[in-house]
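K.L.:
Please find one structure pasted underneath; my questions will follow.
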Amino acid sequence: MENTEKKLGFSTRQIHVGKFKNSAGALCDPIYQTSTFAFDSVEQGGARFAGTEAGYVYSRPANPTTNSVEAKIASLENGEAAMATASGMGAITATIYRSVVAGDEIVADETLYGCTFAFLSKEIVQLGVKVTFVDLNEPGALKKALTEKTKVVYFETPCNPTLKVIDIKAVADEAHAFNPSIRVVVDNTFCSPYLQRPLDLGADVVVHSATKYINGHGDVIAGFVVGKKEFIDDVRAIGVVHMNGAVMSPFNAFLIARGLKTLSIRMERHCANARKLAAWLEAHPAVKKVYYPGLESFEGYETAKKQMSDFGGMISIELKADKATTAATINKLKLCTIAVSLGDAETLVEHAASMTHSTYSAEELAEAGISEGLVRISTGLEDIEDIIADFEQAFADLK
Ligand code: LCS
(Lines give C-alpha, C1' and ligand atoms only; values in the text may rest on other atoms or scores of the structure.)
Protein backbone atom coordinates (compact mmCIF):
# COMPACT_ATOMS: atom_id res chain seq x y z
CA MET A 1 0.00 0.00 0.00
CA GLU A 2 2.77 2.44 0.93
CA ASN A 3 4.45 2.40 -2.49
CA THR A 4 1.34 2.74 -4.59
CA GLU A 5 -0.81 4.95 -2.35
CA LYS A 6 -0.33 8.17 -4.36
CA LYS A 7 -1.95 6.49 -7.35
CA LEU A 8 -5.14 5.74 -5.45
CA GLY A 9 -7.99 8.21 -5.09
CA PHE A 10 -8.72 10.18 -1.92
CA SER A 11 -11.70 8.06 -0.82
CA THR A 12 -9.74 4.85 -1.34
CA ARG A 13 -6.81 6.17 0.67
CA GLN A 14 -8.98 7.42 3.56
CA ILE A 15 -10.09 3.80 3.97
CA HIS A 16 -7.03 1.72 3.07
CA VAL A 17 -3.78 3.57 3.77
CA GLY A 18 -2.05 2.65 7.01
CA LYS A 19 -3.86 -0.62 7.58
CA PHE A 20 -1.62 -3.24 9.09
CA LYS A 21 -1.77 -7.02 9.24
CA ASN A 22 -3.09 -8.48 12.48
CA SER A 23 -2.99 -12.08 13.64
CA ALA A 24 -6.78 -12.58 13.62
CA GLY A 25 -7.29 -11.04 10.20
CA ALA A 26 -9.64 -8.41 11.65
CA LEU A 27 -10.92 -5.98 9.00
CA CYS A 28 -10.45 -2.99 11.31
CA ASP A 29 -7.05 -2.24 12.79
CA PRO A 30 -7.09 -3.47 16.40
CA ILE A 31 -6.84 -1.08 19.32
CA TYR A 32 -3.45 -1.63 20.89
CA GLN A 33 -4.62 -0.43 24.30
CA THR A 34 -1.26 -0.63 25.95
CA SER A 35 1.07 1.86 27.55
CA THR A 36 4.25 -0.17 27.03
CA PHE A 37 5.74 -2.92 24.85
CA ALA A 38 7.70 -6.00 25.97
CA PHE A 39 11.35 -6.40 24.98
CA ASP A 40 12.98 -9.82 24.48
CA SER A 41 16.08 -8.63 26.32
CA VAL A 42 17.78 -5.66 27.93
CA GLU A 43 19.89 -5.39 24.79
CA GLN A 44 16.82 -5.21 22.58
CA GLY A 45 15.26 -2.52 24.78
CA GLY A 46 18.48 -0.53 24.59
CA ALA A 47 18.62 -0.89 20.81
CA ARG A 48 15.04 0.34 20.45
CA PHE A 49 15.76 3.37 22.61
CA ALA A 50 18.91 4.04 20.62
CA GLY A 51 16.92 3.74 17.38
CA THR A 52 19.23 1.06 16.01
CA GLU A 53 16.40 -1.47 16.01
CA ALA A 54 12.89 -0.73 14.75
CA GLY A 55 10.02 -1.52 17.07
CA TYR A 56 7.69 -0.13 19.67
CA VAL A 57 8.84 1.07 23.08
CA TYR A 58 6.10 3.01 24.85
CA SER A 59 2.83 4.57 23.64
CA ARG A 60 3.83 8.20 24.20
CA PRO A 61 6.25 8.17 21.23
CA ALA A 62 4.35 5.63 19.11
CA ASN A 63 1.62 2.99 19.06
CA PRO A 64 0.48 0.80 16.13
CA THR A 65 -3.15 1.97 16.16
CA THR A 66 -2.06 5.61 16.29
CA ASN A 67 0.61 5.11 13.60
CA SER A 68 -2.07 3.75 11.31
CA VAL A 69 -4.12 6.97 11.36
CA GLU A 70 -0.94 9.03 11.07
CA ALA A 71 -0.19 7.25 7.80
CA LYS A 72 -3.71 8.03 6.56
CA ILE A 73 -3.52 11.73 7.39
CA ALA A 74 -0.02 12.08 5.90
CA SER A 75 -1.31 10.53 2.69
CA LEU A 76 -4.52 12.59 2.57
CA GLU A 77 -2.60 15.86 3.11
CA ASN A 78 0.10 14.81 0.60
CA GLY A 79 2.66 15.15 3.38
CA GLU A 80 5.69 12.99 4.10
CA ALA A 81 4.64 12.21 7.67
CA ALA A 82 2.13 13.03 10.40
CA MET A 83 2.04 13.01 14.18
CA ALA A 84 -1.20 12.30 16.03
CA THR A 85 -1.83 14.41 19.12
CA ALA A 86 -4.29 14.48 22.00
CA SER A 87 -5.97 17.63 20.70
CA GLY A 88 -5.68 20.35 18.09
CA MET A 89 -4.05 22.53 20.75
CA GLY A 90 -1.55 19.71 21.37
CA ALA A 91 -0.67 19.77 17.65
CA ILE A 92 -0.36 23.57 17.58
CA THR A 93 1.73 23.89 20.74
CA ALA A 94 4.10 21.02 19.76
CA THR A 95 4.58 22.68 16.35
CA ILE A 96 5.34 26.09 17.85
CA TYR A 97 7.57 24.68 20.61
CA ARG A 98 9.73 23.04 17.92
CA SER A 99 9.83 26.14 15.72
CA VAL A 100 10.86 28.97 18.03
CA VAL A 101 13.12 29.78 20.97
CA ALA A 102 13.41 32.93 23.06
CA GLY A 103 14.27 35.88 20.83
CA ASP A 104 12.50 34.48 17.76
CA GLU A 105 9.41 35.97 16.16
CA ILE A 106 6.11 34.67 14.81
CA VAL A 107 3.83 36.49 12.38
CA ALA A 108 0.25 35.32 12.79
CA ASP A 109 -3.03 36.31 11.25
CA GLU A 110 -5.20 38.13 13.77
CA THR A 111 -8.29 35.97 13.24
CA LEU A 112 -7.73 32.61 14.92
CA TYR A 113 -9.54 30.07 17.05
CA GLY A 114 -9.75 31.62 20.54
CA CYS A 115 -7.34 29.24 22.33
CA THR A 116 -4.77 29.49 19.51
CA PHE A 117 -5.00 33.27 19.86
CA ALA A 118 -4.59 32.97 23.65
CA PHE A 119 -1.55 30.68 23.26
CA LEU A 120 0.14 33.05 20.80
CA SER A 121 -0.86 36.36 22.37
CA LYS A 122 -0.61 35.53 26.09
CA GLU A 123 1.45 32.37 26.65
CA ILE A 124 4.28 31.87 24.15
CA VAL A 125 5.20 35.54 24.56
CA GLN A 126 6.05 34.82 28.20
CA LEU A 127 8.83 32.53 26.94
CA GLY A 128 10.47 35.43 25.14
CA VAL A 129 8.94 34.94 21.71
CA LYS A 130 7.53 37.98 19.93
CA VAL A 131 4.24 37.50 18.06
CA THR A 132 3.06 40.08 15.54
CA PHE A 133 -0.60 39.84 14.59
CA VAL A 134 -1.59 41.14 11.16
CA ASP A 135 -4.41 40.87 8.68
CA LEU A 136 -2.68 38.69 6.09
CA ASN A 137 -5.20 39.88 3.49
CA GLU A 138 -4.10 43.49 3.89
CA PRO A 139 -1.68 44.32 1.06
CA GLY A 140 1.85 44.83 2.41
CA ALA A 141 1.00 43.68 5.95
CA LEU A 142 3.08 40.49 5.85
CA LYS A 143 6.08 42.22 4.29
CA LYS A 144 5.99 44.88 6.98
CA ALA A 145 5.82 42.32 9.79
CA LEU A 146 8.59 39.95 8.61
CA THR A 147 12.02 40.42 10.18
CA GLU A 148 15.30 38.50 10.25
CA LYS A 149 14.04 36.90 13.46
CA THR A 150 10.78 35.57 11.97
CA LYS A 151 10.69 31.78 12.20
CA VAL A 152 6.98 31.07 11.68
CA VAL A 153 4.07 32.49 9.70
CA TYR A 154 0.86 31.08 11.16
CA PHE A 155 -2.74 31.24 9.94
CA GLU A 156 -6.04 29.43 9.48
CA THR A 157 -8.06 29.47 6.29
CA PRO A 158 -11.00 29.79 6.31
CA CYS A 159 -10.54 31.51 9.66
CA ASN A 160 -12.51 30.68 12.77
CA PRO A 161 -15.10 32.27 13.10
CA THR A 162 -15.30 34.86 10.28
CA LEU A 163 -14.52 32.45 7.43
CA LYS A 164 -11.95 34.95 6.14
CA VAL A 165 -10.11 33.22 3.30
CA ILE A 166 -6.33 33.67 3.06
CA ASP A 167 -4.41 32.91 -0.15
CA ILE A 168 -2.09 30.08 1.01
CA LYS A 169 0.18 30.16 -2.05
CA ALA A 170 0.55 33.93 -1.97
CA VAL A 171 1.47 33.99 1.74
CA ALA A 172 3.84 30.99 1.46
CA ASP A 173 5.56 32.48 -1.62
CA GLU A 174 6.02 35.86 0.05
CA ALA A 175 7.31 34.40 3.33
CA HIS A 176 9.71 32.04 1.54
CA ALA A 177 10.94 34.78 -0.81
CA PHE A 178 11.86 36.78 2.29
CA ASN A 179 13.53 33.78 3.94
CA PRO A 180 13.18 30.21 2.63
CA SER A 181 13.62 28.78 6.13
CA ILE A 182 10.49 30.47 7.53
CA ARG A 183 8.02 27.77 8.53
CA VAL A 184 4.59 28.50 7.06
CA VAL A 185 2.04 26.74 9.26
CA VAL A 186 -1.58 26.42 8.15
CA ASP A 187 -4.44 25.25 10.36
CA ASN A 188 -6.57 23.25 7.92
CA THR A 189 -9.29 22.30 10.43
CA PHE A 190 -12.19 24.05 8.67
CA CYS A 191 -11.52 22.27 5.36
CA SER A 192 -10.11 18.85 6.20
CA PRO A 193 -7.69 17.50 3.60
CA TYR A 194 -10.64 16.63 1.36
CA LEU A 195 -11.31 20.28 0.51
CA GLN A 196 -7.85 21.85 0.76
CA ARG A 197 -4.23 20.68 0.87
CA PRO A 198 -1.98 23.53 2.03
CA LEU A 199 1.28 21.57 1.53
CA ASP A 200 0.53 21.38 -2.21
CA LEU A 201 0.20 25.18 -2.18
CA GLY A 202 3.58 25.84 -0.56
CA ALA A 203 2.90 25.60 3.18
CA ASP A 204 5.49 23.72 5.25
CA VAL A 205 3.31 22.36 8.03
CA VAL A 206 -0.40 21.61 8.41
CA VAL A 207 -2.06 21.39 11.82
CA HIS A 208 -5.50 20.02 12.53
CA SER A 209 -8.03 19.83 15.24
CA ALA A 210 -9.10 16.28 14.30
CA THR A 211 -11.86 16.77 16.87
CA LYS A 212 -13.76 18.31 13.95
CA TYR A 213 -14.31 17.02 10.38
CA ILE A 214 -11.49 14.43 10.42
CA ASN A 215 -13.22 12.45 13.15
CA GLY A 216 -16.61 13.89 12.32
CA HIS A 217 -18.73 12.27 15.00
CA GLY A 218 -18.37 14.57 17.99
CA ASP A 219 -16.91 11.90 20.26
CA VAL A 220 -13.17 12.60 20.25
CA ILE A 221 -10.68 15.38 21.06
CA ALA A 222 -7.65 14.94 18.80
CA GLY A 223 -5.13 16.63 16.53
CA PHE A 224 -2.47 16.12 13.86
CA VAL A 225 0.70 17.81 12.65
CA VAL A 226 1.68 17.04 9.05
CA GLY A 227 4.83 17.96 7.13
CA LYS A 228 8.31 16.84 6.15
CA LYS A 229 9.46 13.65 7.89
CA GLU A 230 12.43 15.38 9.52
CA PHE A 231 10.18 17.96 11.19
CA ILE A 232 7.50 15.46 12.21
CA ASP A 233 10.15 13.19 13.75
CA ASP A 234 11.31 16.20 15.78
CA VAL A 235 7.75 17.14 16.79
CA ARG A 236 7.23 13.55 17.92
CA ALA A 237 10.52 13.00 19.75
CA ILE A 238 10.69 16.39 21.43
CA GLY A 239 7.55 18.52 20.87
CA VAL A 240 5.22 15.80 22.10
CA VAL A 241 7.42 13.28 23.92
CA HIS A 242 9.49 15.78 25.90
CA MET A 243 7.49 18.99 25.86
CA ASN A 244 3.70 18.83 25.89
CA GLY A 245 3.06 15.08 26.26
CA ALA A 246 -0.14 15.52 24.25
CA VAL A 247 -0.25 12.11 22.62
CA MET A 248 -3.38 10.64 21.04
CA SER A 249 -4.82 7.59 22.81
CA PRO A 250 -5.10 4.32 20.83
CA PHE A 251 -8.86 4.29 21.39
CA ASN A 252 -9.23 7.76 19.89
CA ALA A 253 -7.04 6.69 16.96
CA PHE A 254 -9.44 3.80 16.37
CA LEU A 255 -12.44 6.16 16.37
CA ILE A 256 -10.63 8.47 13.95
CA ALA A 257 -9.86 5.55 11.62
CA ARG A 258 -13.58 4.78 11.67
CA GLY A 259 -14.55 8.42 11.09
CA LEU A 260 -12.04 8.81 8.25
CA LYS A 261 -13.65 6.03 6.21
CA THR A 262 -16.47 8.45 5.34
CA LEU A 263 -14.60 11.78 5.31
CA SER A 264 -15.11 12.49 1.61
CA ILE A 265 -18.81 11.70 1.55
CA ARG A 266 -19.43 13.55 4.81
CA MET A 267 -17.64 16.64 3.46
CA GLU A 268 -19.71 16.55 0.28
CA ARG A 269 -22.91 16.55 2.33
CA HIS A 270 -21.64 19.25 4.73
CA CYS A 271 -20.82 21.44 1.72
CA ALA A 272 -24.11 20.79 -0.09
CA ASN A 273 -26.14 21.54 3.06
CA ALA A 274 -24.13 24.67 3.89
CA ARG A 275 -24.50 26.02 0.35
CA LYS A 276 -28.30 25.76 0.62
CA LEU A 277 -28.44 27.13 4.15
CA ALA A 278 -26.17 30.07 3.27
CA ALA A 279 -28.35 30.96 0.28
CA TRP A 280 -31.49 30.79 2.45
CA LEU A 281 -29.90 32.93 5.17
CA GLU A 282 -28.68 35.50 2.63
CA ALA A 283 -32.22 35.87 1.28
CA HIS A 284 -33.78 36.24 4.75
CA PRO A 285 -34.80 39.83 5.57
CA ALA A 286 -33.70 39.53 9.24
CA VAL A 287 -30.12 38.61 8.31
CA LYS A 288 -27.65 41.49 8.03
CA LYS A 289 -24.63 39.53 6.79
CA VAL A 290 -23.73 35.98 5.85
CA TYR A 291 -20.10 34.88 6.02
CA TYR A 292 -19.70 31.90 3.70
CA PRO A 293 -16.85 31.37 1.23
CA GLY A 294 -19.26 29.88 -1.31
CA LEU A 295 -21.37 33.03 -1.67
CA GLU A 296 -20.33 35.15 -4.64
CA SER A 297 -21.03 38.20 -2.50
CA PHE A 298 -18.41 37.08 0.06
CA GLU A 299 -15.00 38.73 -0.01
CA GLY A 300 -13.08 35.45 0.04
CA TYR A 301 -15.08 33.78 -2.74
CA GLU A 302 -12.48 34.02 -5.54
CA THR A 303 -9.58 32.81 -3.37
CA ALA A 304 -11.74 30.02 -1.93
CA LYS A 305 -12.68 28.92 -5.45
CA LYS A 306 -8.99 28.79 -6.34
CA GLN A 307 -7.65 26.84 -3.35
CA MET A 308 -10.59 24.80 -2.03
CA SER A 309 -12.41 22.07 -3.97
CA ASP A 310 -15.70 23.08 -2.30
CA PHE A 311 -16.69 25.75 0.22
CA GLY A 312 -17.08 23.81 3.46
CA GLY A 313 -19.76 23.44 6.08
CA MET A 314 -19.08 26.50 8.24
CA ILE A 315 -21.24 29.63 8.05
CA SER A 316 -21.38 32.71 10.25
CA ILE A 317 -24.15 35.27 10.36
CA GLU A 318 -25.07 38.59 11.87
CA LEU A 319 -28.71 39.37 12.44
CA LYS A 320 -30.29 42.83 12.15
CA ALA A 321 -30.93 42.60 15.87
CA ASP A 322 -29.22 43.55 19.12
CA LYS A 323 -27.24 41.05 21.20
CA ALA A 324 -30.15 40.10 23.47
CA THR A 325 -32.55 39.50 20.58
CA THR A 326 -29.89 37.52 18.73
CA ALA A 327 -29.41 35.29 21.80
CA ALA A 328 -33.18 34.90 22.27
CA THR A 329 -33.52 33.91 18.62
CA ILE A 330 -30.78 31.28 18.81
CA ASN A 331 -32.34 29.96 22.03
CA LYS A 332 -35.46 29.11 19.99
CA LEU A 333 -33.63 26.56 17.81
CA LYS A 334 -34.98 23.09 18.45
CA LEU A 335 -33.20 20.73 16.06
CA CYS A 336 -29.90 22.60 15.93
CA THR A 337 -27.80 22.40 19.09
CA ILE A 338 -26.28 25.37 20.89
CA ALA A 339 -22.70 24.13 21.34
CA VAL A 340 -19.12 24.92 20.48
CA SER A 341 -17.03 22.55 18.32
CA LEU A 342 -17.83 21.90 14.68
CA GLY A 343 -17.69 19.35 11.90
CA ASP A 344 -20.11 16.93 13.53
CA ALA A 345 -23.19 15.18 12.12
CA GLU A 346 -25.36 17.49 14.25
CA THR A 347 -25.80 21.14 13.26
CA LEU A 348 -24.10 23.18 16.00
CA VAL A 349 -24.67 26.88 16.64
CA GLU A 350 -22.59 29.13 18.90
CA HIS A 351 -22.01 32.78 19.79
CA ALA A 352 -18.31 33.43 19.08
CA ALA A 353 -17.70 36.53 21.25
CA SER A 354 -18.97 34.87 24.44
CA MET A 355 -17.81 31.32 23.70
CA THR A 356 -15.01 30.19 21.32
CA HIS A 357 -13.52 33.68 21.07
CA SER A 358 -14.03 34.89 24.63
CA THR A 359 -10.21 34.88 24.92
CA TYR A 360 -10.23 38.04 22.75
CA SER A 361 -10.81 41.43 24.40
CA ALA A 362 -13.50 43.68 22.90
CA GLU A 363 -10.78 45.65 21.06
CA GLU A 364 -9.12 42.48 19.78
CA LEU A 365 -12.46 41.16 18.53
CA ALA A 366 -13.04 44.39 16.62
CA GLU A 367 -9.51 44.30 15.19
CA ALA A 368 -10.03 40.69 14.04
CA GLY A 369 -13.36 41.55 12.40
CA ILE A 370 -15.37 39.40 14.83
CA SER A 371 -18.56 41.33 15.47
CA GLU A 372 -20.26 41.15 18.86
CA GLY A 373 -23.35 39.53 17.39
CA LEU A 374 -21.58 36.95 15.21
CA VAL A 375 -23.33 33.58 15.32
CA ARG A 376 -21.42 30.61 13.94
CA ILE A 377 -23.15 27.63 12.39
CA SER A 378 -21.53 24.25 11.77
CA THR A 379 -23.90 22.81 9.20
CA GLY A 380 -24.56 19.18 10.01
CA LEU A 381 -25.55 16.17 8.00
CA GLU A 382 -29.29 16.29 8.70
CA ASP A 383 -31.81 16.81 5.88
CA ILE A 384 -31.34 20.39 4.80
CA GLU A 385 -35.10 21.02 4.73
CA ASP A 386 -35.22 20.23 8.45
CA ILE A 387 -32.25 22.49 9.25
CA ILE A 388 -33.78 25.39 7.32
CA ALA A 389 -37.21 24.80 8.91
CA ASP A 390 -35.59 25.06 12.35
CA PHE A 391 -34.00 28.44 11.50
CA GLU A 392 -37.30 29.56 9.92
CA GLN A 393 -39.25 28.93 13.12
CA ALA A 394 -36.52 30.52 15.27
CA PHE A 395 -36.48 33.63 13.03
CA ALA A 396 -40.30 33.86 12.82
CA ASP A 397 -40.62 36.83 15.20
CA LEU A 398 -37.78 38.83 13.65
CA LYS A 399 -38.70 41.72 11.42
N1 LCS B 1 -7.82 25.01 15.39
C2 LCS B 1 -9.07 25.40 15.07
C3 LCS B 1 -9.30 26.10 13.78
C4 LCS B 1 -10.12 25.12 15.94
O5 LCS B 1 -11.35 25.51 15.59
C6 LCS B 1 -9.85 24.47 17.17
C7 LCS B 1 -10.92 24.17 18.15
C8 LCS B 1 -8.54 24.11 17.46
C9 LCS B 1 -7.55 24.38 16.55
C10 LCS B 1 -8.17 23.41 18.74
O11 LCS B 1 -8.51 22.08 18.62
P12 LCS B 1 -8.89 21.14 19.89
O13 LCS B 1 -7.76 21.24 20.83
O14 LCS B 1 -10.17 21.66 20.45
O15 LCS B 1 -9.01 19.79 19.25
N16 LCS B 1 -12.11 24.85 17.89
C17 LCS B 1 -13.19 24.85 18.60
C18 LCS B 1 -14.32 25.60 18.26
O19 LCS B 1 -14.41 26.40 17.33
N20 LCS B 1 -15.28 25.34 19.12
O21 LCS B 1 -14.88 24.49 20.11
C22 LCS B 1 -13.49 24.12 19.85
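The values are calculated or read from the model by the stated rules, or taken from the named source; none is laboratory data. Here the structure is a predicted model, which means the values were calculated and not measured. Positions of Cβ are backbone-derived with ideal geometry, glycine not excepted, and every protein chain shown enters the neighbour counts. Surface accessibility is based on the protein's heavy atoms, side chains included, excluding ligands, DNA and RNA. Shrake-Rupley method; radii C 1.70, N 1.55, O 1.52, S 1.80 Å.
K.L.:
Based on the Cβ-Cβ distance from A26 to D386, what FRET efficiency comes out when R0 is 35 Å, to the nearest 0.05?
P.N.:
My answer for the efficiency is 0.40.
K.L.:
Quick one: net charge around A237, please, counting Lys, Arg +1 and Asp, Glu -1 for every other residue with C-beta under 13 Å from its C-beta. The partial results should precede the final answer.
P.N.:
Values: positive: R60, R98, K229, R236; negative: E230, D233, D234.
Value of the local net charge: +1.
K.L.:
Students sometimes get this wrong: rank H270, H242, H284 by accessible area, probe 1.4 Å, all chains present, largest first.
P.N.:
Ranked list, largest accessible area first: H242, H284, H270.
K.L.:
Would you compute, from DSSP H runs of 4+ residues alone, the mean residue ellipticity of the chain at 222 nm, taking -39500 (n - 2.57) per run and dividing by the full residue count, rounded to the nearest 500?
P.N.:
-9500 deg cm²/dmol, from helical runs alone.
K.L.:
Can I ask one more? Test of the criteria: in the stretch 12-62, which chymotrypsin sites (Phe, Trp or Tyr not before Pro) are in a DSSP loop and have at most 15 other Cβ atoms within 10 angstrom of their Cβ?
P.N.:
F20
K.L.:
Projected onto the charge dipole of the chain (+1 at Lys/Arg Cβ, -1 at Asp/Glu Cβ, origin at the Cα centre), which of L195, A170, T329 gives the Cα projection farthest towards the positive end?
P.N.:
After comparing all options, I get L195.
K.L.:
To the nearest 20 debye, what charge dipole does the chain have about its Cα centre, counting +1 at the Cβ of each Lys and Arg and -1 at the Cβ of each Asp and Glu?
P.N.:
Charge dipole of the chain: 560 debye, to the nearest 20.
K.L.:
For a label point 7 angstrom out from the Cα of N78 toward its Cβ, which stretches of the stretch 197-238 have the backbone nitrogen within less than 13 Å?
P.N.:
Output list for this probe position: 197-204.
K.L.:
Straight-line reach from K229: which aspartates and glutamates fall under 16 Å, measuring Cα to Cα and dropping same-chain residues less than 8 apart?
P.N.:
E2, E70, E77, E80, D200, D204
K.L.:
Have a look at A253, A321, A108 and tell me which one the Gaussian network model of the chain (Cα, springs below 10 Å) gives the largest fluctuation.
P.N.:
A321
K.L.:
Rounded to the nearest 10 Å², what accessible area does R60 show when all protein chains are kept and the probe is 1.4 Å?
P.N.:
Spelled out: R60, probe radius 1.4 Å, area about 80 Å².
K.L.:
Right, here's the next one. Restricting everything to alpha-carbon atoms, can you work out Rg to Rh for the stretch 264-394 with a Kirkwood hydrodynamic radius?
P.N.:
Working: Rg = 14.1 Å, Rh = 15.0 Å.
Rg/Rh for the stretch 264-394 comes to 0.94.
K.L.:
Please report the accessible area of R48 (heavy atoms, 1.4 Å probe, ligands and nucleic acids excluded) in Å², nearest 10.
P.N.:
50
K.L.:
Ok, one more. What residues have an amide H closer than 5 Å to that of A81, excluding those fewer than 5 places away on the same chain, when H is modeled at 1.01 Å from N in the peptide plane?
P.N.:
G227, K229
K.L.:
Let me make sure I get this right: for the stretch 173-272, a, b and c are the square roots of the gyration tensor eigenvalues over alpha carbons, sorted descending. Under 1.5 in a/c it's rounded, otherwise prolate if a/b > b/c, else oblate. Which is it?
P.N.:
Working: a/c = 2.86, a/b = 1.25, b/c = 2.28.
Cα axes put the stretch 173-272 in the oblate bin.
K.L.:
If each residue of separation counts as 0.36 nm, what is the full-extension length gain between A47 and F251 once their alpha-carbon separation is subtracted?
P.N.:
Computed gain between A47 and F251 is 70.6 nm.
K.L.:
Using Cα-only point scatterers and the Debye equation, what is log10 of I(q)/I(0) for the stretch 62-135 at each q in 0.20, 0.25, 0.26 Å⁻¹, rounded to two decimals?
P.N.:
Per q value, in the given order, log10 I(q)/I(0) is -0.90, -1.09, -1.13.
K.L.:
Using 0.36 nm per residue of separation minus the Cα-Cα distance, give me the extension gain between S297 and K143 in nm, one decimal.
P.N.:
Extra length available between S297 and K143 comes to 52.6 nm.
K.L.:
Please give, to one decimal in nm, the separation of the simple spin-label points placed at D40 and K169, each 7 Å out from Cα toward the Cβ.
P.N.:
Going from the D40 label point to the K169 one covers 5.2 nm.
K.L.:
Could you calculate the contour length gain from I338 to K276, that is, 0.36 nm times the residue separation minus the distance between their Cα atoms, to one decimal place in nm?
P.N.:
Taking I338 through K276 to full extension adds about 20.3 nm, to one decimal.
K.L.:
Starting from the Cα gyration tensor of the stretch 1-130, take the square roots of the eigenvalues, sort them a ≥ b ≥ c, and report rounded, prolate or oblate (rounded when a/c is under 1.5, otherwise prolate if a/b is larger than b/c, else oblate).
P.N.:
In terms of gyration-tensor shape, oblate.
K.L.:
Could you run the Karplus curve 6.51 cos²θ - 1.76 cosθ + 1.60 with θ = phi - 60° over the stretch 203-220 and give me ³J(HN,Hα) per residue in whole Hz, x for Gly and Pro?
P.N.:
Whole-Hz 3J(HN,Hα) from phi for the stretch 203-220: 5, 9, 9, 10, 10, 9, 8, 6, 4, 9, 4, 4, 7, x, 10, x, 10, 8.
K.L.:
Then there's this: Take the residue pairs K122/K169; K7/K144; K130/K323; K276/K323; K212/K305; K130/K289 and return only those whose Cα atoms are more than 32 Å apart.
P.N.:
In this structure, K7/K144; K130/K323; K130/K289 exceed 32 Å between Cα atoms.
K.L.:
Give the ranking of K144, K164 by solvent-accessible surface, highest area first, calculated with a 1.4 Å probe.
P.N.:
K144, K164
K.L.:
How far apart, in nm, are the 7 Å Cα→Cβ label points at E367 and K229?
P.N.:
With each label point 7 Å from Cα toward Cβ, the separation is 4.2 nm.
K.L.:
Work from the charge dipole of the stretch 74-226 (Cβ charges, +1 for Lys and Arg, -1 for Asp and Glu, about the Cα centre) and give the residue of L146, Y113, V129 farthest towards its positive end.
P.N.:
V129
K.L.:
Still on this structure, I have one more. Under 14 Å from the Cβ of A141, count the other residues' Cβ atoms, weight Lys and Arg +1, Asp and Glu -1, and hand me the total. Mind dumping the intermediate values first?
P.N.:
Values: positive: K143, K144, K164; negative: D109, E110, D135, E138, D167, E174, E367.
Net charge in that neighbourhood comes out at -4.
K.L.:
Please calculate the 1.4 Å probe accessible area of T211, with all protein chains present, and give it to the nearest 10 Å².
P.N.:
Counting only protein heavy atoms, T211 exposes about 10 Å² to solvent.
K.L.:
Order E299, E77, E364 by their accessible area, 1.4 angstrom probe, all chains in place, largest first.
P.N.:
Descending order: E299, E364, E77.
K.L.:
Give me the log10 of I(q) over I(0) for the stretch 329-398 at q = 0.28 Å⁻¹, as the Debye formula computes it from C-alpha points; what are the numbers?
P.N.:
-1.18
K.L.:
Please state, to two decimals, what the Cα-based radius of gyration of the chain comes to when divided by 2.2 N^0.38 Å (N = residues).
P.N.:
Working it through for the chain, the quotient is 1.00.
K.L.:
Can you list the HN-Hα couplings for the stretch 130-141, worked out from phi with the Karplus curve (6.51, -1.76, 1.60; θ = phi - 60°), rounded to whole Hz and with x for Gly and Pro?
P.N.:
Whole-Hz 3J(HN,Hα) from phi for the stretch 130-141: 8, 10, 10, 9, 9, 8, 5, 8, 7, x, x, 5.
K.L.:
Here's something else I'd like to know. All other residues with a Cβ under 14 Å from the Cβ of L333 taken together, and with Lys, Arg as +1 and Asp, Glu as -1, what is their net charge?
P.N.:
Residues near L333 contribute -4 overall.
K.L.:
Along the Cα-to-C-beta direction of A102, a point sits 7 Å from the Cα; which residues of the stretch 120-142 have their amide N less than 13 Å from that point?
P.N.:
125-130
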